[in-house]
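Below is one structure, written out as structure tokens; comments come after it.
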Amino acid sequence: FDIGGPEVLTYREMMQEYAEARGLRRRLIFTIPILAPFLAAYWVALVTPVPPGVAYHLIKGLMNEVVCQECSIDEMVPIDKTPFREAVNIALCEKRAGPGVGGA
């Protein structure tokens, strides 16, 4: 089953929404015609605390479009879908609250 939220967003839009929710300045995002995950992973490791091994797999995942193509699960499990911005805010509140607070 594909399970998605109520919006369809690009990776760029999700990163900008996350930055805004965190109160960070708008991110400069560059698109390059060739995706070189190995080199990009080291760049990410240089400018963030994310280790190259983790960054590599995250970057490689960007090559796949992840958009729900079918919604048959909605008929079997009728739930309200959480908008992306609200989900980010919930995650940030849980992170601030610390481990074991309000989680499963």
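Take Thr31 and decide whether it is at pLDDT below 80, of a type in the set (Ser, Thr, Tyr) and either open to solvent by 100 Å² or more (accessible area, probe 1.4 Å) or within 26 Å of Arg96 (Cβ to Cβ) (or both). Taking the combined requirement at face value, the residue satisfies it.
Select from the range 82-102 the residues that are assigned to a loop (DSSP other than H, G, I, E, B) and at pLDDT below 90 and list them in ascending order. Matches in the range 82-102: Gly98, Pro99, Gly100, Val101, Gly102.
So which of Glu17, Glu65 is in contact (Cβ under 8 Å) with a residue 12 or more places away in the chain and among the acidic types (Asp, Glu)? None of the others qualify; the one that does is Glu17.
Can Glu7 be described as in contact (Cβ under 8 Å) with a residue 12 or more places away in the chain, among the acidic types (Asp, Glu), in a loop (DSSP other than H, G, I, E, B) and closer than 25 Å to Cys93 by Cα? Step through it out loud before you land on a result.
Values: in contact (Cβ under 8 Å) with a residue 12 or more places away in the chain: yes; among the acidic types (Asp, Glu): yes; in a loop (DSSP other than H, G, I, E, B): yes; closer than 25 Å to Cys93 by Cα: yes.
Taking the combined requirement at face value, the residue satisfies it.
Scanning the range 6-21 for residues that are open to solvent by 100 Å² or more (accessible area, probe 1.4 Å) and modelled with pLDDT of 90 or more yields a single hit, Glu20.
Listed by first and then second residue, the pairs with beta-carbon distance under 8 Å, at least 6 apart or on different chains, first residue in the range 50-62 and in contact (Cβ under 8 Å) with a residue 40 or more places away in the chain, second in a loop (DSSP other than H, G, I, E, B) and open to solvent by 50 Å² or more (accessible area, probe 1.4 Å), are Leu62/Leu35.
The values are calculated or read from the model by the stated rules, or taken from the named source; none is laboratory data. Here the structure is a predicted model, which means the values were calculated and not measured. Because the Cβ atoms are built from the backbone with ideal geometry, glycine has one as well, and the counts that use them run over all protein chains shown. Heavy atoms of the whole protein, side chains included, go into the accessibility calculation; ligands, DNA and RNA do not. Shrake-Rupley method; radii C 1.70, N 1.55, O 1.52, S 1.80 Å.
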